[in-house]
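Let me begin by presenting the structure, written as structure tokens, before commenting on it.
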Amino acid sequence: MTPLIKYIPQGTKFDFIGKRAFALLLSGLLLLVSVGSLGLQGLTFGIDFAGGILLEARTPGPANLSDIRGQLGGLNLGDVSVTTFGNDGRDVAIRIGIQEGGDEAQTAALNRVRETLGTDMEYRRVEVVGPKVGDELVRDGALAIGLSLLAIAVYIWFRFEWQFAVSGLLALVHDIIVTLGLFSVFQLSFDLTTVAALLTIAGYSINDTVVAYDRIRENLRRYKKMDLPELINRSLNEVLSRTMLTSGTTLLAVLALFIFGGDVLRGFSLALIWGIVIGTYSSVFVAVPVLLYLDLRRDEEDDVADADKEAAPEKP
């Protein structure tokens, strides 16, 4: 059997840098739409942030969602969402919006729901989140994302040069804002699992970027007389097969999670799918091309290459 890697083209000569103007225009458009949507309609916070009640229960037989919605609709508890998850149709997730009156009102609403659904239900998860706790989680989630981006930028600065740190940070901020924009535009539920997905996206994206940076730094020392755009193109083409394999296999795993993971993991897996796509794109078309605008220079102390080495064929 022929290995899969045989089908990945080797020695490609794609002109990534030549497409940078179109790519930056596309990124600008995505950022504009994302920021505009975040400013106009914001995010649809889940119970983790907005507060409310979440119950996960198992019914004796296949769940009748319309019947459950009808029973809970008569309680006048505001927005009520009832969905199924799992493979046998017996697991039900019930989400109820925040109730006015503080923690006591949330507890009273929870008791009314249990009384209405009866004792046949097996309650496997019950969460009550007050508005104060939700505000704290929003603040802590934003702080976690901000500190992670800062830590990544500091790491890149120490490992490479400041130009790499700045361009890598810009790419990460691009990925985070565009992912938030996706959830804002389509008004998808934004909860703690989505914050976890954002942190995962940041780690995944910078991993791809560091691989490209490593090859660029190596080639800067190897090809002293090569024009910088040509050198960057060469570096990106050299790591292209690795990027395709990593992104492709990761995407397959996350797609399986999206299809079979149920409603509970739907937002998390959707954010990861989008993050893998946009993170791979930003590593190639944002993080690397920005280096051209930051006065990236070769280190004269590492001038150990000569014309013969420049002309030497690249090792497979």
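Bear in mind these aren't lab numbers, they're just calculated from the coordinates by the rules spelled out. Only a predicted model underlies this, so the values are computations on that prediction, with no experimental measurement involved. Here the Cβ is made from the backbone with ideal geometry for all residues, glycine too, and neighbour counts use every protein chain on show.
Values computed for the structure shown
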{"item": "Karplus-derived 3J(HN,Hα), 6.51/-1.76/1.60, for each residue of region 69-81, Hz, glycine and proline x", "result": "4, x, 5, 6, x, x, 8, 6, 9, x, 5, 10, 10"}
{"item": "Surrounding net charge for Phe164, when Lys and Arg each add one and Asp and Glu each subtract one, Cβ distance under 11 Å", "result": "0"}
{"item": "Length added when fully stretched, Thr44-Phe85, from 0.36 nm per residue minus Cα-Cα", "result": "12.7 nm"}
{"item": "Calculated [θ] (222 nm, deg cm²/dmol) that DSSP helices of n ≥ 4 give over the chain, each run adding -39,500 (n - 2.57)", "result": "-20000 deg cm²/dmol"}
{"item": "Potential lengthening between Asp120 and Arg58 on full extension [0.36 nm per residue; Cα-Cα distance subtracted]", "result": "21.4 nm"}
{"item": "Assigned charges on the beta-carbon of Lys, Arg, Asp, Glu; region 52-129 dipole about Cα centre (debye)", "result": "160 debye"}
{"item": "R0 of 30 Å, Cβ-Cβ distance Leu31-Gln187: FRET efficiency to nearest 0.05", "result": "0.95"}
{"item": "Considering only the chain, percent of DSSP beta bridges that pair antiparallel, nearest 5", "result": "90 percent"}
{"item": "Two-site label geometry, Lys13 and Asp214: point separation in nm, points 7 Å out along Cα→Cβ", "result": "2.7 nm"}
{"item": "Under Karplus coefficients 6.51, -1.76 and 1.60, residue-wise ³J(HN,Hα) of region 135-141 in Hz, glycine/proline x", "result": "5, 5, 5, 4, 5, 5, x"}
{"item": "Listed residue (Ile98, Gly267, Ile232) projecting farthest to the positive dipole end of the chain, Cβ model", "result": "Ile232"}
{"item": "Candidate values [x] 5, 22, 26, 19, 13, 9, 4, 1, 0; [y] 6, 24, 31, 24, 11, 3, 1, 0; [z] 6, 26, 29, 20, 13, 4, 0, label of the one derived for P(r) over Cα pairs in 10 Å bins from 0, in percent", "result": "[x]"}
{"item": "Ala196/Leu228 FRET efficiency (R0 35 Å; Cβ-Cβ; nearest 0.05)", "result": "0.40"}
{"item": "Region 259-296 residues near the modelled Ser66 label - backbone nitrogen below 18 Å, point 7 Å along Cα→Cβ", "result": "none"}
{"item": "Dipole magnitude of the chain about its Cα centre (Cβ charges: Lys, Arg +1; Asp, Glu -1), debye to nearest 20", "result": "700 debye"}
